[in-house]
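Asks: I have a structure here, written as structure tokens, and I will follow up with some questions on it.
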Amino acid sequence: MHDGQAAIAASLLGGPAYLPAGLFAGNDAAVLRGLRVHANTVSHARLVALEDTFPRTRQYLGETLFNRLSRDFVDAGYAQHRSPGNIGAGFPDWLADPQAADLARVEWAWLESYHAADAPALSLAELAGSDEAALLDLLVRRHPAARAVNLASVVAPLVDPGFAPDVAVLLVARPMAEVRLSTIDPAAAFALDMAGEVLPLGNLIAHLDETHPDGAAAVAALIGAGAFERV
């Protein structure tokens, strides 16, 4: 079964010459018709997956342009060997329109956050009553569902009308069951990236104190948004 699937995949990528003789019954014309139908079915499924993954980007670009760009993306081979849920991984970088690309990045980060591993997010309530030394020594890391999306365009108000036009970074997090979006500054986004490895909370505060007016407040805001988990 696996060898047959691999042969079919190879023929869809490289053409009929890659199809082993005798794999299907019937003459060459019948086999080619069958392969063509299968290829069209696979292509359509990929296009539908892109539509489902990037609804706001599709709305922004319009149906016709989005469909053309997504078909070009699929035809160029960028969706090969990917499951329907992972087809959009490179799509934002395929878009030349800066706002469309940013919208797609936010939607992809939202989807990644939604499907990320479950883990209890560190909350401010857990820190209440802790002395300073305990807080600074607390080991944390970035929550599996937390993502920082750097924006290259004035797109934040299209994501949420309540966001200011000059927002440079959006935080996507899932502290409970619901994915949430909030705004953070580049310094806080860098601190979140630092927390990809386990480190004491005090290290994050110390780093932010060098680049932010109030490092402790910035870290508290990240905790409040559900960006960390306790180790």
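Read the figures in this text as sums done on the coordinates, not as results from a lab. Just so you know, these numbers come straight off a predicted model, no measurement behind them. Cβ sites come from the backbone with ideal geometry, for glycine too, and all protein chains shown count toward neighbours.
Asks: Please give me the summed charge of the neighbours of residue 216: other residues whose Cβ is under 12 Å from its Cβ, Lys and Arg +1, Asp and Glu -1. Walk me through the numbers before you get to the answer.
Replies: Values: positive: none; negative: 132, 209, 214.
With Lys, Arg at +1 and Asp, Glu at -1, the neighbours total -3.
Asks: Please order 57, 183, 64 by the number of other Cβ within 10 Å, starting at the fewest. Could you put the intermediate results ahead of the total?
Replies: Values: 57 29, 183 20, 64 8.
Result, fewest neighbours first: 64, 183, 57.
Asks: Let me ask something else. With +1 on each Lys and Arg Cβ and -1 on each Asp and Glu Cβ, how big is the dipole of region 124-230 about its Cα centre, in debye rounded to the nearest 20?
Replies: Numbers: 6 positive and 14 negative charges, 94 e Å.
With Lys and Arg at +1 and Asp and Glu at -1, about 460 debye.
Asks: By how many nm would the segment from residue 176 to residue 209 grow when fully extended, if each residue of separation counts as 0.36 nm and the alpha-carbon distance is taken off? If you can, show how the numbers build up before the last one.
Replies: On the way: separation 33, 0.36 × 33 = 11.88 nm, distance 2.87 nm.
Length difference between fully extended and current span is 9.0 nm.
Asks: Something else about it: Between residue 154 and residue 45, what is 0.36 nm times their sequence separation minus the Cα-Cα distance? Round to one decimal in nm. Each step should come with its number before you reach the end.
Replies: Values: separation 109, 0.36 × 109 = 39.24 nm, distance 3.22 nm.
Contour length minus Cα-Cα distance gives 36.0 nm.
Asks: Give the order of 135, 50 when sorted by the count of other beta carbons within 10 angstrom, beginning with the fewest. Write out the running numbers ahead of the final one.
Replies: Details: 135 15, 50 23.
The most exposed by this proxy come first: 135, 50.
Asks: When the chain is fully extended, how far beyond the present Cα-Cα distance does residue 72 get from residue 59, taking 0.36 nm per residue of separation? Walk me through the numbers on the way to the answer.
Replies: Working: separation 13, 0.36 × 13 = 4.68 nm, distance 1.80 nm.
Working it through step by step, the gained length comes to 2.9 nm.
Asks: Arranged by the count of other C-beta atoms within 10 angstrom, fewest first, what order do 66, 190, 228 take?
Replies: On the way: 66 21, 190 18, 228 26.
Fewest to most other Cβ atoms nearby, the residues stand as 190, 66, 228.
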